[in-house]
Amino acid sequence: MGEDIDRNLHGRFLRGLAAAPHGGAALRLGDRAVSFAELHETALVWAGSLLRAGVTGPVGVLAEKGTTAYAGVLAALYTGGPVVPLHVDFPPERTARMAAAAGVTAVIADARGAGLLPELRERGYRGEALLPRGGGEGAIPVAAAHAPAEPRAVPPGAPAYTLFTSGSTGRPKGVVLTHANLCHYFGVLDGRYDFGPDDAFSQTFDLTFDCGIFDLFCAWGAGAAAVPVPPRGHADLPAFLERHRVTVWFSTPSGITLARRLGALRPGALPGLRWSFFAGEALRCADVEDWTRAAPYSAVENLYGPTELTVTITGHRWLPDRSAALAVNGVVPIGSVHPGHEILLVTEDGRVTDAEEGELCVTGPQLTPGYLDPADGAGRFLRHAGRTWYRTGDRVRRLPGGELCYLGRRDAQVQVQGWRVELAEIEHALLAVGDGVAEAAAVGVEGAAGTELVVFYTGEARPPVELANRLRRTLPDGMVPKRYHHLGELPLNANRKVDRKALTERAGELLRADNNWS
């Protein structure tokens, strides 16, 4: 396979293939188990079919969570190209933009994804399509005869994944993660955790989320199964986790809120969990306390990291007395950066500081080589001491012992149930619909269920449902606000800029009033 395969992301699956017990499951999909051997053989056939058709570039995966999606991820990697996960529920306009930006040369699609292809082609997609569940006219033929004996190995610096984050310009930004980025990342995790073939990992994140990489390749690297959690699985989470023997849980902190609301956090209700991880939003001590009462045998970690730093870059192990004492505003510390990385804290005026608080900047082997469009990097990277540092936009405080605590954002970006949302993208999309909307300002405000998006706008008053439906033409549902408030004019601060602080305070008042009314 070549000397590079062990440093390739797909090398982790091969390691799991060797480590898994005979017939061990790589996936548990409802009542069906898909073995490592079956998934490997399927991925080889699809990879060979792609290569036979001349596909050598990035491969999109346009499928719901199922065999097609997971085998598609592996098949893309097996060709030697990067994976570009695409979401079947995203507006076609957005998906077509993502495919074009990433240079997708072929998509692997299930029946749902195949149904979207005509709309993508209307919007400019010109690549190939591999449709394993039933080919159509012009689809790449799937033939076992074309399967290579082994996956392609690529240099560590080659791209492995292209993921998209919200962009302030009104279009998503493509982030490149290399095999070397991911090799370092999983090397850190291998040294930190004791995952093995007897584990089973929840897979709550969509494959377009970077945390979905953790789910799959931690599981597969250990010879363990990944278990997608369908909506009905949350309805009775204790029963679902017991039935599928899940031992490792990973979700956003909103997953705790959902479990609490559905009555899943009874004391001792989740006894099979050994590890519980949370990322994507601020994790509150009170939520961890509720979770640990339900999962008394589970270690809990708060993970943090932007996509540009390869999934997660810090981790804090919850120890009740110590963690609660270190918490700021009731938020669990995010921990120390991974080995091999360094941090800087930067003041509001851009000066590197030795102070205890500032914007977190990180450099090291998990740092992305950049965005698909270099222009998207404007203001996101810092050159200092001859090195490039990523400016996270997150304000942190240094804690005793070198750990960090999250204080909040310094820019117009918020986290909504794991979605990293540029408020400017919402504003851009709303203004683009025209029809009387003159100005728009979006803010994020903390509600009972986490961060909620609120839009203030001027011009002609419109029904909220009409504005939301228009935004859904270009934005995924997770980025579409539910609350819209018409104003005669947007408030301005002393610098004659939109007073976002005043709008955020007003949004909080409106939200509290709505909750009290209900």
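For residue 223, are the conditions met, namely being out of contact with any strand residue (DSSP E or B) (no Cβ under 6 Å at 6 or more places or on another chain), on the phi > 0 side of the Ramachandran plot, not assigned by TED's automatic domain parsing to the domain that holds residue 471 and not aromatic (Phe, Trp, Tyr)? Break it down into steps so the answer makes sense when it comes.
Values: out of contact with any strand residue (DSSP E or B) (no Cβ under 6 Å at 6 or more places or on another chain): yes; on the phi > 0 side of the Ramachandran plot: yes; not assigned by TED's automatic domain parsing to the domain that holds residue 471: yes; not aromatic (Phe, Trp, Tyr): yes.
Against the criterion (out of contact with any strand residue (DSSP E or B) (no Cβ under 6 Å at 6 or more places or on another chain), on the phi > 0 side of the Ramachandran plot, not assigned by TED's automatic domain parsing to the domain that holds residue 471 and not aromatic (Phe, Trp, Tyr)), residue 223 qualifies.
Checking the structure you have, find out if any residue of region 233-256 is without any contact (Cβ under 8 Å) to a residue 12 or more places away in the chain, outside the structural domain of residue 38 (by TED's automatic domain parsing) and in contact with a strand residue (DSSP E or B) (Cβ under 9 Å, 6 or more places away or on another chain). Talk me through it step by step, then tell me what you get.
Keep residues of region 233-256 that are without any contact (Cβ under 8 Å) to a residue 12 or more places away in the chain, which gives 233, 239-240, 243.
Right, trim to outside the structural domain of residue 38 (by TED's automatic domain parsing) and you get 233, 239-240, 243.
From the residues that got through so far, the ones that are in contact with a strand residue (DSSP E or B) (Cβ under 9 Å, 6 or more places away or on another chain) too are 233, 240.
Yes: region 233-256 contains one or more residues that are without any contact (Cβ under 8 Å) to a residue 12 or more places away in the chain, outside the structural domain of residue 38 (by TED's automatic domain parsing) and in contact with a strand residue (DSSP E or B) (Cβ under 9 Å, 6 or more places away or on another chain).
With surrounded by 20 or more Cβ atoms within 10 Å (Cβ to Cβ) and over 15 Å from the mean Cα position of the chain (by Cα) as the only criterion, which of 219, 158 stands out? Let's see the steps before the verdict.
Numbers: 158 fails: surrounded by 20 or more Cβ atoms within 10 Å (Cβ to Cβ).
Step by step, each of 219, 158 is checked, and only 219 is surrounded by 20 or more Cβ atoms within 10 Å (Cβ to Cβ) and over 15 Å from the mean Cα position of the chain (by Cα).
Go through region 285-306 residue by residue and tally those that are buried (at least 22 other Cβ atoms within 10 Å of the Cβ) and either among the polar types (S, T, N, Q) or part of a loop (DSSP other than H, G, I, E, B) (or both).
4
Give the residue, chosen from 96, 109, 114, 101, that is of a type in the set (A, V, I, L, M) and within 20 Å of residue 477 (Cα to Cα).
96
Go through (1) of a type in the set (Asp, Glu); (2) under 23 Å from residue 128 (Cβ atoms); (3) free of Cβ contacts under 8 Å to residues at least 60 places away in the same chain for residue 6 and report which single condition fails.
All conditions pass for residue 6, except number (2).
Determine the pairs where a residue that is more than 17 Å from residue 200 (Cβ to Cβ), located within region 10-22, has a partner that is buried (at least 21 other Cβ atoms within 10 Å of the Cβ) with Cβ atoms under 7 Å apart, the partner being 6 or more residues away or on another chain.
Going by the 7 Å Cβ cut-off, the qualifying pairs are 10/74; 10/77; 10/78; 10/151.
Of all the residues that make up region 318-360, how many are surrounded by 12 or more Cβ atoms within 10 Å (Cβ to Cβ) and either among the β-branched types (Val, Ile, Thr) or touching a residue at least 60 places away in the same chain (Cβ under 8 Å) (or both)?
Result for region 318-360: 18.
Return the only residue of 67, 42 being in the same structural domain as residue 125 (by TED's automatic domain parsing), under 13 Å from residue 226 (Cβ atoms), at pLDDT 95 or above and of a type in the set (Val, Ile, Thr).
Criteria check complete, one pass: 67.
Sort out which residues of region 140-162 are small (Gly, Ala, Ser) and within 30 Å of residue 210 (Cβ to Cβ), and write them in order of number.
Residues satisfying the conditions are 147, 153, 157, 158, 160.
Being closer than 19 Å to residue 27 by Cα and either out of contact with any helix residue (DSSP H, G or I) (no Cβ under 8 Å at 6 or more places or on another chain) or not charged (D, E, K, R) (or both) narrows it down to one residue among 216, 130, 189; which is it?
Just a single option satisfies the conditions, and that option is 216.
Return the pair list, or none, for Cβ contacts closer than 9 Å from residues in region 380-403 that are basic (Lys, Arg) to residues that are in a helix (DSSP H, G or I), at least 6 apart or on different chains.
The qualifying pairs are 380/308.
The values are calculated or read from the model by the stated rules, or taken from the named source; none is laboratory data. The model shown is predicted, which means the values in this text are computed figures rather than measured ones. FYI the Cβ positions are ideal-geometry reconstructions off the backbone, even for glycines, and counts take in every protein chain you see.
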